[in-house]
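The values are calculated or read from the model by the stated rules, or taken from the named source; none is laboratory data. All figures in this text were calculated on a predicted structure; none of them were measured in a lab. A quick note on method: Cβ atoms are made from the backbone with ideal geometry, for glycine too, and the neighbour counts reach across all protein chains shown. Calculation scope for accessible area: heavy atoms of the full protein, side chains included, ligands and nucleic acids excluded. Shrake-Rupley method; radii C 1.70, N 1.55, O 1.52, S 1.80 Å.
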Amino acid sequence: MTAHGHGWGQGRLAMAEQEPISPFQYLPVREGSPVRKKRDLPDGLWMRCNDCEATVYRKAVAENLEVCPECGAHFRVGARPRIQQLADTDTFEELFAEIAPEDPLGFKWRGQNYADRVKAEQEKTSNTEAVVTGVAYIKGRRVALGVMDGDFLMGSMGSVLGEKITLLIEHATEQRLPLLIVSMSGGARMHEGALSLMQMGKTAAALGRLDAAGGLFISMLADPTTGGTTASFAMLGDVIIAEPGALIGFAGQRVIANTIKTELPEGFQRAEFLLEHGFIDLIVPRNQLRSEIARLIDYCCP
Ligand SMILES: [Zn+2]
């Protein structure tokens, strides 16, 4: 299991680097007394929480669903470990795994072909795309489940991601299953240009058909959910749940501040601020998520 700070600009979690971090590193250093570093700790056994700066035992964090045992900060989780956290043991059946992205524009960026980049991301994450889709049971309730992976090209929405989400929505509609999508995304995928933007309309239209059929869509927003993902399916849930502290927004804070030339309120793109202002319905800590989803399904689909 890994929590992801990688590639997002403001990762909330730093793994212990080559130098093992000593818990004493954060104590005030008295003049003249050398700080001794423990050299007998294997790499990665300890990690530092970027929120509270506590040095915590890696295994304790994993056992705590990738939540800091000291301050409760929710670290980023990849698609596969999140499915393990959410679904009843061994109940996840993957669907649409065979659909993989192509390179329709022959796109090159920073000297790298998009096609090669996709291959590297597939090897890194063991996913064909930045979303894993299928069906699973959560506390005995069968659900159509889609989980985005922020480690795959920043969880960006390309045409295959949009297609897989759409197929999952249609599967939920046909099979009359509650739908749960966990979003974690940097937005539209620039490597596919306008084809990425078309996914916003496509997923939204499919959700419209699910809604007309009386289906339930629970949208869960993990840290971070931004750009075209926020502007389409992620914000169209019948119930919108966010993880504590999750960054949720469309454009980045600096872009907005520069555009409207106004100082923005502290934490205005965090889950807590959005709850206070009515953009989301619930903030649910990770250890209560399964129970909360089961409760919502029972309430909405009696
Ligand atoms: Zn912490």
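In percent, rounded to a whole number, the relative contact order of the chain is 13, using alpha-carbon pairs under 8 Å and six or more apart. Here the alpha carbons of the stretch 82-181 define both size measures, Rg and Dmax, at 14.6, 48 Å. Of the residues A194, G140, L45, the one whose Cα sits farthest towards the positive end of the charge dipole of the chain is L45 (charges of +1 on Lys and Arg Cβ, -1 on Asp and Glu Cβ, taken about the Cα centre).
For L86, the accessible area of its heavy atoms, probed at 1.4 Å with every protein chain present, is near 10 square angstrom. Using a Gaussian network model of the chain in which every pair of alpha carbons under 10 angstrom is joined by a spring, one finds that among L289, L45, L216 the greatest mean-square fluctuation is at L45.
Using Cα pairs closer than 8 Å and at least 6 residues apart in sequence, work out the relative contact order for the stretch 111-240, in percent. Intermediate results must be reported in sequence, preceding the final value.
Numbers: 249 pairs, mean separation 30.0, N = 130.
That works out to 23 percent.
Taking amide H as placed 1.01 Å from N in the peptide plane, the amide H of D149 sits under 5 Å from that of V131, V132, each at least 5 places away or on another chain. For the stretch 225-302, a crude dipole built from +1 on the beta carbon of Lys and Arg and -1 on the beta carbon of Asp and Glu, taken about the Cα centre, is about 240 debye to the nearest 20.
Kindly state, as a whole number, the per residue volume in cubic angstrom of the convex hull around the alpha carbon atoms of the chain. Working shown, then result.
Details: hull volume 50.3 nm³, N = 302.
Output value, Cα hull per residue: 167 Å³.
For the set R58, R254, R141, R82, solvent exposure ranked by accessible area (probe 1.4 Å, protein chains only) runs largest to smallest as R254, R141, R58, R82.
Assign unit charges at the C-beta atoms only (+1 for Lys and Arg, -1 for Asp and Glu), then state the dipole size of the stretch 130-256 relative to its Cα centre in Debye, rounded to the nearest 20. Don't jump to the answer; show the numbers that get you there.
Numbers: 9 positive and 10 negative charges, 37 e Å.
Roughly 180 debye, rounded to the nearest 20.
Pairs on different chains or at least eight residues apart, Cα atoms closer than 29 Å: how many lysine pairs in the chain fit? Close lysine pairs under the 29 Å cut-off: 14. Ligands, DNA and RNA are left out, and with a 1.4 angstrom probe the accessible area of the chain is 50 Å² per residue.
Accessible area of F268 (1.4 Å probe, protein heavy atoms only, ligands and nucleic acids ignored): about 30 Å².
Summing charges over neighbours of F96, with a neighbour being any other residue whose Cβ is under 10 Å away from its Cβ, gives -3 when K and R count +1 and D and E count -1. A protection proxy built from the mean count of other Cβ atoms within 10 Å ranks the segments 189-199, 125-135, most packed first, as 125-135, 189-199.
For the chain, give the magnitude of the charge dipole about the Cα centre (Cβ charges: +1 Lys/Arg, -1 Asp/Glu; no others), in debye to the nearest 20. Kindly include the intermediate steps, with their values, before the conclusion.
Working: 31 positive and 38 negative charges, 100 e Å.
The calculated dipole for the chain is roughly 480 debye.
The helix-based estimate of mean residue ellipticity at 222 nm for the chain, built from -39,500 (n - 2.57) per DSSP H run of four or more residues and divided by its residue count, is -9000 deg cm²/dmol to the nearest 500.
Computed in the context of the full set of protein chains, the accessible area of the stretch 77-201 at 1.4 Å probe radius has 51% of its extent on carbon or sulfur.
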